[in-house]
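Below is one structure, written out as structure tokens; the observations come after it.
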């Protein structure tokens, strides 16, 4: 009788395993992972154990990651998904990987573990209509411990399948619904990501918007198709933005199996300026720059250090620091709260709304003028005036005069158009010096200095509006004559005798500029900003964690102004 019971126990033991065993062969090692469904083996036989806690161990990370990658590579979506913390989502994505994206012969190679993260490389084949092309890329997964039962699983995210995938995005292979385009610069030359790496995302955006109307014919491609709900317009990461080519990130071509016939889209980009911009950002880490013509709004160049990555220059949402003082100064000048050569306070400290603000290195200007305060980038010169301003004064100035924060720019590709929200108390004062809730990118800041130069907001654009008869955004009013002339002189003086002077040296007399530094929580050094004009060329740049803007972003902008708009 005892023997029969022991035999029965041995026969029923596999039935207690509610999952699967995944085996990965690589580097001469074999790893196995057993997934228990509903509870542990100990639970099944009545010997309850405490729920494991804490981060996964190195062995657990390797075992789970290798088990997941083995199942995925073998084409067993259900088994791979069972090793994640979201089996339903993982099953859908991994099934679509083969069915919709037509990806086969998948080889997944684990890299070197870093904590709970496991990087891996992907080599596969994309096939459609008798045509095949290789696919290769790198991704990573994170192993987590489920709080409810201590189970160690892959933390599911779409980026596991491909690093560019977001929620709701899909990989699809087939005849592309959007024909390719040939983008031309202002001189008629072709713009390619091979020559201008920073334009990869911009060219994707141009194709998304103009591909169907530019006269081309679609080819066969593996494409990353963005979710309608993943709209991050021009407007930062606003998921409520409407779904159209101007209000979501562009779809992306990953592999071309057969080329279509491209249509032609002309842009305002200058080949000379763009080449200089590419060179300048390659020489720096985490830099972004925009160049435009103040007299027209034409964008002459756009570049980011992370070529092919997020387009911070157009879509970034960052505190602009003291470059925002251009807008704030225009407000004080129009409200008669400051005048260029009249006395203006610049103490070491100024308090408002319960916060104590100070100047860089706690400097002060005794018996100084507003000209001196602006040129030295005195924070307290603005904070002291906060009590005289309504809560919505800066917001109205930004919208009505500088065309910012209305989400209505029609550049030709996705952009974030700046945000200057109505704020109260300390945040209201902080907004005057480009902190608080104010958010900008180099495109916005270049537009600000261009408006200051001419006195009139001209919406920046990359594609001439007559290409598709779109309407460019307009400001509801212009700066008063007195405020505009004083603001222009403030910027000229700053570029010749203030914080911007070192970077702007040797650029002539028709110049103006402003430095900026923006503190960011968690960063050791602030983001460095700089914006300036020279003649009919304006530029703005940010260097993330660059420190003082005059030293980090200033030389970049100066190089762009020297290159000009040819």
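At 0.36 nm per residue, and after removing the present C-alpha to C-alpha distance, how many nm does the segment from residue 472 to residue 53 gain when stretched out fully?
Values: separation 419, 0.36 × 419 = 150.84 nm, distance 5.65 nm.
Extra length from residue 472 to residue 53 when fully extended: 145.2 nm.
Cα-based radius of gyration for the chain, normalised by 2.2 N^0.38 Å, reads 1.16. Under the shape rule built on the C-alpha gyration tensor, where the axes satisfy a ≥ b ≥ c, the range 451-566 is prolate, since a/c reaches at least 1.5 and a/b is greater than b/c. Helix 271-282 and the longest principal axis of the C-alpha atoms of the chain enclose an angle of approximately 60°. Between the range 124-153 and the range 502-566, how many Å separate their Cα centres? The range 124-153 and the range 502-566 have Cα centres separated by 42 Å.
Could you give the length gained on full extension between residue 286 and residue 366, defined as 0.36 nm per residue of separation minus the Cα-Cα distance, in nm?
Working: separation 80, 0.36 × 80 = 28.80 nm, distance 3.77 nm.
Gain on stretching residue 286 to residue 366: 25.0 nm.
Enter the angle in degrees (range 0 to 90, nearest 10) between the Cα long axis of helix 554-563 and the first principal axis of the Cα atoms of the chain, meaning the one along which they spread out most. That helix lies at roughly 70 degrees to the long axis.
Before anything else, pin down the relative contact order of the range 109-192: Cα pairs under 8 Å, at least 6 apart, normalised by residue count, whole percent.
17
Angle of helix 87-99 to the longest C-alpha principal axis of the chain, folded into 0 to 90 degrees and rounded to 10: 90°.
Return, ordered by residue number, the residues of the range 156-177 whose backbone nitrogen is under 17 Å from a label point located 7 Å along Cα→Cβ of residue 131. Within reach of a label on residue 131: 172-177.
Rounded, prolate or oblate: which fits the range 275-563 when a ≥ b ≥ c are the square roots of the eigenvalues of the alpha-carbon gyration tensor, with rounded for a/c under 1.5 and prolate only if a/b beats b/c? Could you put the intermediate results ahead of the total?
On the way: a/c = 1.44, a/b = 1.30, b/c = 1.11.
Here the range 275-563 falls in the rounded category.
Note on the chain: helix-only mean residue ellipticity at 222 nm, from DSSP H runs of 4+ residues weighted -39500 (n - 2.57) and normalised by residue number, equals -8000 deg cm²/dmol. Note on the range 256-271 and the range 354-396: Cα centroid distance 48 Å, given to the nearest whole angstrom.
For 394, 199, which order do you get if you count the other beta carbons within 10 Å of each Cβ and list the fewest first? Provide the component values of the computation, followed by the final result.
Working: 394 24, 199 29.
Listed from fewest to most nearby Cβ atoms, that is 394, 199.
Taking a ≥ b ≥ c as the square roots of the eigenvalues of the Cα gyration tensor, the range 91-146 is classed as oblate, since a/c reaches at least 1.5 and a/b does not exceed b/c.
Quote the FRET efficiency, to the nearest 0.05, computed for residue 425 versus residue 92 with a Förster distance R0 of 45 Å and r equal to the Cβ-Cβ distance. Could you put the intermediate results ahead of the total?
Working: r = 47 Å, r/R0 = 1.04.
Plugging the Cβ-Cβ distance into 1/(1 + (r/R0)^6) gives 0.45.
Given contacts defined as C-alpha pairs under 8 Å and at least six residues apart, what's the relative contact order of the chain, whole-number percent?
Values: 1370 pairs, mean separation 62.2, N = 566.
This gives 11 percent for the chain.
Taking every C-alpha pair closer than 8 Å and separated by at least 6 residues, the mean separation divided by the residue count of the range 428-566 gives a relative contact order of 20 percent. Modelled spin labels at residue 523 and residue 545, positioned 7 Å past Cα toward Cβ, are 1.0 nm from each other.
Just so you know, all these numbers are worked out from the coordinates, no wet-lab data involved. Quick caveat, the model's predicted, so the values are computed rather than measured. Because the Cβ atoms are built from the backbone with ideal geometry, glycine has one as well, and the counts that use them run over all protein chains shown.
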